[in-house]
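The values are calculated or read from the model by the stated rules, or taken from the named source; none is laboratory data. Small disclaimer: the values here were computed from a predicted structure and weren't measured. Cβ: placed from backbone, ideal geometry, glycine included. Neighbour counts: every protein chain shown. Side chains included, ligands, DNA and RNA excluded: accessible areas come from the protein's heavy atoms. Shrake-Rupley method; radii C 1.70, N 1.55, O 1.52, S 1.80 Å.
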Amino acid sequence: MSVCGCLGGRTKFHFVMKKKNILWLIVFALLMPLFALTACSDDDDDDNDTNGDKTEQTSNDGTKVLSKKVTKIVLSCDESEEYIFDAEGKIQSQTHKCLGSVEDIKTYKYTDNMIVVEKTEVNRDTEERSVFNIENGLIISAAQYDDNKLWRNLDYTYANGYLETIKSSYSETSSYITTYNFSNENITNIIWEHDDGESNGYECNITYDNSKLNDLNVDLALLLLEEYLPDYIGYSGKRIKNLPSSRTDKKILKTGDRQDSEVYTYNYTFEDNYPVKIDVTWLYRGGDSGMYTYEIFYNE
């Protein structure tokens, strides 16, 4: 029952009106609309999303998110990835395992204008480090190092608050650009291509289920498309509105290669309107197929 409904129910009470109470009743009548307005305003502030869950938090891109917070996501197939998050949805670590043994670990450190990602491989001396520069909550550039040697620079551009391009430069003569195209607040097309105009590129086309909102404290839709990002962080513009239902990857041919393609289908399992499992099936043009699974864990 809303607070406004409770206040409205006061008309059921019977007041014995005597002359000495008339002045008090007048004052009370004048204040009643103010009490009701205040109560309604407080109630309206508990915005409900389309699933009926009260939202308690706004993400760094302004998205209203559900009250239960993701603490961990585990991607399982032949190998596995474990992502750990804080209550704000910031990724804290990413652990890669093969046959149950840890292969490498990424850790994420945040400041107001920088995110540093350090990757350590357990059975090798190799270490990687990425430094992402942040302005107004957006990644604008990054530098990536392998054993303290710079091997790639990244530059980000945005359009109307949405991620538009990421340019990856390996040297003065070698770079490629990833372009993100939006429609109805969702990334519907991604193109990855070399700037030499001669090498093959890749294109990704994505469809969405408009009934499934991307409204967790973690940007789940972006995580599902992380192959097209240098690192999954979540500081790359306005959030994708919905969760993807399918995706098709194919080559953009500049040479005589075969037109390879893969189709991914996302199947969601919900409990109390929260996604807890995502089965992703893929089918390769040559007939090969497979599946991998995301499990999502929440705070109690």
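Split the accessible area of the stretch 109-185 by element, probe 1.4 Å, and carbon with sulfur accounts for 41%. Where in the stretch 100-144 does the label zone of D78 land, with the point 7 angstrom along Cα→C-beta and an amide N cut-off under 14 Å? Under cut-off, by backbone N: 100.
Computed from label points 7 Å out along Cα-Cβ, the spacing between S211 and D288 is 3.5 nm. Average accessible surface for the stretch 255-300: 60 Å² per residue, computed with a 1.4 Å probe over protein heavy atoms with every protein chain in place. Relative to the 2.2 N^0.38 Å rule of thumb, the stretch 202-252 has a C-alpha radius of gyration ratio of 1.16. Modelled this way, with points 7 Å down the Cα-to-C-beta line, the labels at K167 and E121 are 3.0 nm from one another. Heavy atoms of the protein chains alone define the surface here; on that basis the stretch 157-252 has 41 Å² accessible area per residue at 1.4 Å probe size.
Looking at the stretch 68-118, how many pairs of lysines come closer than 14 Å at the Cα, when each pair is eight or more places apart or spans two chains?
Total qualifying Lys-Lys pairs in the stretch 68-118 comes to 5.
Diffusion of the stretch 143-291 by Stokes-Einstein, at 37 °C in a medium of 0.692 mPa s and with Rh set to the Kirkwood radius over alpha-carbon pairs, works out to 194 µm²/s. In terms of its C-alpha gyration tensor, the stretch 98-198 has a prolate overall shape, because the principal axis ratio a/c (a ≥ b ≥ c, square roots of the eigenvalues) is not below 1.5 and a/b outweighs b/c. Apolar share of the accessible surface for the stretch 235-285: 44 percent from carbon plus sulfur atoms, 1.4 Å probe.
Between R129 and S175, the FRET efficiency from the beta-carbon distance, with R0 = 22 Å, is close to 0.60. For the stretch 104-157, trypsin sites (Lys or Arg not before Pro) meeting the loop criterion (DSSP other than H, G, I, E, B) and having at most 10 other Cβ atoms within 10 Å: R124.
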